[in-house]
1. All but one of (1) under 30 Å from R139 (Cα atoms); (2) modelled with pLDDT under 90; (3) open to solvent by 80 Å² or more (accessible area, probe 1.4 Å) hold for D282, so report the exception by its number.
2. Let me confirm something: among L240, L254, which residue is among the hydrophobic types (A, V, I, L, M, F, W, C), more than 30 Å from M150 (Cβ to Cβ), open to solvent by 90 Å² or more (accessible area, probe 1.4 Å) and at pLDDT below 90?
3. Which pairs turn up if I take residues in the stretch 104-119 that are at positive phi and look for partners that are outside any helix (DSSP H, G or I) with beta carbon separation below 9 Å, at least 6 apart in sequence or on another chain?
4. Report yes if L394 is closer than 30 Å to L43 by Cα, assigned to a helix (DSSP H, G or I), open to solvent by 100 Å² or more (accessible area, probe 1.4 Å) and not aromatic (F, W, Y), otherwise no.
5. Between residues in the stretch 144-171 that are within 30 Å of Q273 (Cα to Cα) and loosely packed, with under 10 Cβ neighbours inside 10 Å and residues that are of a type outside the set (K, R) and modelled with pLDDT under 85, which pairs lie under 9 Å by C-beta distance while being six or more apart or on different chains?
6. Taking the criterion of being of a type outside the set (S, T, N, Q), farther than 30 Å from L400 by Cβ and open to solvent by less than 80 Å² (accessible area, probe 1.4 Å), would at least one residue in the stretch 73-81 satisfy it?
7. Within the stretch 332-340, identify whether any single residue is in a helix (DSSP H, G or I) and surrounded by 10 or more Cβ atoms within 10 Å (Cβ to Cβ), and answer yes or no.
8. Please find, within the stretch 101-132, the residue that is farthest from E295 (Cα to Cα) out of those that are at pLDDT 70 or above and hydroxyl-bearing (S, T, Y).
Amino acid sequence: NQDMESTLFAKFGKRPNLSARDSAEKGGHSPVHSCSQTARGLLEENRMLIAEKQERKAMARQNSKEEFERLIAQDLKSSEGDKARDLHKLATQRELARHYKEKIGVSHRTKVEAYRDKQERSSETYFPFVEGENITSDRRAKRSVMQEEMRGFLNQQRQEKPPRADKLLVDVKGEQVDYPLDPVPGRVKGTASILPRPQSRPSSAGPRQHGGGAGEEVPPHMARHPRFLSRASEHMSRRLQDSHVRKALEDKVLQTKAELEAAQSKREVEQQQWREGMNVNDALRYDRDQARATERHRNAEVLKHQITERSHQAAKDKQAGRKEAAGYWGPEEKPPQDPEVHRSHCSDLIKQMEVDQVRRQIDKTNRHRQEKQLIDNCMAEMTQDRRKDVVKQLQHREVLTTTWTSQQKIKKALDTLEAI
């Protein structure tokens, strides 16, 4: 340190007292800049390293982005290829399914046609399963019975409550009548003649004659004084007369009694109809059960007959098969062989197996030895790498320490020069 200070003092002793910053501004070269291990040099080197690191990082990011886009494009292309392959496979499967369906339909139609031809050629027309036809015929019979009951009920209602026998309605039924102002004489009770339509009405007609002869008749609506021209009935006073209360109560009692009687009669009619319906239903069920039992009996007889025929046919086939002589169906006879051939073959096989076992053992031993040698080589290489890393770290630390010591010495020297 003293030698460096004396050298610097002798070199800069005759120059003016300028600071390091002034000398740098005037273009002077200080020993700090001339040294390769200065702080500014290290700073610039660190900045360059940082810039290179950032550039490498940006380049790596760009490369990774391009690689990612390339992978995405490749995946998209592969997915589109898979979709196209799946669509082709699906179309092929659909075509195959359609072909199979057509084949199945053709075979089904062939079977149906064959069965129909067999039915047409068959002379036996008996078929026991006619439950659906019986149900249809029973429904038709019930429908006809219910229609007849409805017609009878409508006729009975028409007889019990016939339409109103009004001559005016009879006269105008189906015809458009121009009613005359004067009554028509000579109307006979029970006739259905149509009133004449007057062609013209003379203007010099005299007044109408009120009251006719003994044989003349008038329509029912003219037999009494019109109600809309009669006087209104007097209002009954609640304080003076209370007969209307009794009348209202009696009317209500009679109405309730009539309603109860109607309900009772309706209930009785419904019960009677229910009993009749149950009887009819029981009869129909009994007939259906009897018919079903008959059909089952016939079906059982047919099945028994078929079972008997099949058993007889099987017995006949068995007897026919037993009548024939059973021949020999085994392999042909072979000449006897020498057992020494087999023994020699077995001994050769055993020797070959022993040789194979020894070879496998040798291969296993060699493989283990090679693996062990590879592991030892790897361990030695790892140990050498670790030693190199330790030496490198020590050298780096020593360089940094030396650089820091040099920087401290230079700073002290500069402080000394500035102080002078």
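The values are calculated or read from the model by the stated rules, or taken from the named source; none is laboratory data. Computed from a predicted structure; not experimentally measured. Please note: Cβ atoms are built from the backbone with ideal geometry, for glycine as well, and neighbour counts cover all protein chains shown. What goes into the accessible areas is simple: the full protein's heavy atoms, side chains included, and nothing from ligands, DNA or RNA. Shrake-Rupley method; radii C 1.70, N 1.55, O 1.52, S 1.80 Å.
1. (3)
2. None of the other options fit; the residue is L240.
3. none
4. When the stated conditions are applied, L394 passes them.
5. Here the result reads P163/L169, each pair linking the stretch 144-171 to a residue that is of a type outside the set (K, R) and modelled with pLDDT under 85.
6. Quick first cut of the stretch 73-81, residues of a type outside the set (S, T, N, Q) only: 73, 75-77, 80-81.
Checking the rest, the ones that are also farther than 30 Å from L400 by Cβ come to 73, 75-77, 80-81.
Remaining after also requiring open to solvent by less than 80 Å² (accessible area, probe 1.4 Å): 73, 81.
Yes: one or more hits.
7. No.
8. S107
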